[in-house]
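The values are calculated or read from the model by the stated rules, or taken from the named source; none is laboratory data. Bear in mind the structure is a predicted one, so any value in this text is a computation, not a measurement. Cβ placement follows ideal geometry from the backbone for every residue including glycine, while neighbour counts extend to all protein chains displayed.
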Amino acid sequence: MDIKLSQCFIAVDDHDKALGFYRDILGLEVRNDVGFENMRWVTVGAPSQPDVDIVLEPPLADPNASPADRQAMAELLAKGLLRAVIFVTEDCDATFERIRAAGGEVLQEPIDQPYGVRDCAFRDPAGNMLRFTQRRAR
């Protein structure tokens with residue numbers, strides 16, 4: 001069986017702020033930015049992975065969700081409890097310095113982890129945790 005990742009989703013509360021981070025700071029390319037049923041469909045991705053899209057979506061994209069459900073999701077997003085995304089980089093320290101210099105909210109400075117990677121962590125403008133890992137030589 002040959003299966004591959006096509007899309008993953010990151011909840012955002014402001015597409016323009018999210019684009020300022022994912023496009024302008026991380027350097028991801030914008031692949032789609034269109035209106036769709038009173039929502040905005042925005043996808044970004046790494047130029048090196050043309051077959052993988054990251055969809056930046058509202059925290060609760062279900063049009064049938066109740067106001068209480070929408071509020072609960074917004075609160076979880078604000079606390080950074082919805083998702084974590086892990087990116088791979090060839091140089092964790094350089095990636096860290098570039099994102100920090102651009103104003104990224106630091107959660108963890110680069111550190112060698114016991115499971116074989118060096119990583120760091122930031123929060124995106126919506127509160128999601130993003131980790132950046134570098135595989136260490138074995």
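Considering Asp93, Asp62, the condition of being modelled with pLDDT of 95 or more, acidic (Asp, Glu) and on the phi < 0 side of the Ramachandran plot is satisfied by Asp93 alone.
Residues in the stretch 66-80 that are assigned to a loop (DSSP other than H, G, I, E, B) and within 16 Å of the chain's Cα centre (by Cα): Lys79, Gly80. Summed over the stretch 67-76, residues that are among the small types (Gly, Ala, Ser) and over 21 Å from Phe36 (Cβ atoms) total 2. Filter the stretch 7-44 for residues that are among the small types (Gly, Ala, Ser) and touching a strand residue (DSSP E or B) at 6+ places or on another chain (Cβ under 7 Å); which is nearest to Asn128 (Cα to Cα)? Among residues in the stretch 7-44 that are among the small types (Gly, Ala, Ser) and touching a strand residue (DSSP E or B) at 6+ places or on another chain (Cβ under 7 Å), the one nearest to Asn128 (Cα to Cα) is Ala11.
Residues of the stretch 106-130 being touching a residue at least 12 places away in the same chain (Cβ under 8 Å), among the hydrophobic types (A, V, I, L, M, F, W, C) and over 22 Å from Val12 (Cα atoms), which ones? Listed by number, the list holds a single entry, Val117. Annotation note: Cβ proximity below 6 Å between a residue of the stretch 42-60 that is touching a residue at least 24 places away in the same chain (Cβ under 8 Å) and under 17 Å from Asp13 (Cβ atoms) and a residue that is among the aromatic types (Phe, Trp, Tyr) and loosely packed, with under 12 Cβ neighbours inside 10 Å (sequence gap 6+ or interchain) occurs for no pair. Given the condition among the aromatic types (Phe, Trp, Tyr) and exposed (fewer than 13 other Cβ atoms within 10 Å of the Cβ), answer yes or no: does some residue in the stretch 27-43 qualify? Yes, that holds for at least one residue. Does Gly103 satisfy the criteria of being over 16 Å from Ile10 (Cα atoms), in contact (Cβ under 8 Å) with a residue 60 or more places away in the chain and loosely packed, with under 13 Cβ neighbours inside 10 Å? When the stated conditions are applied, Gly103 passes them.
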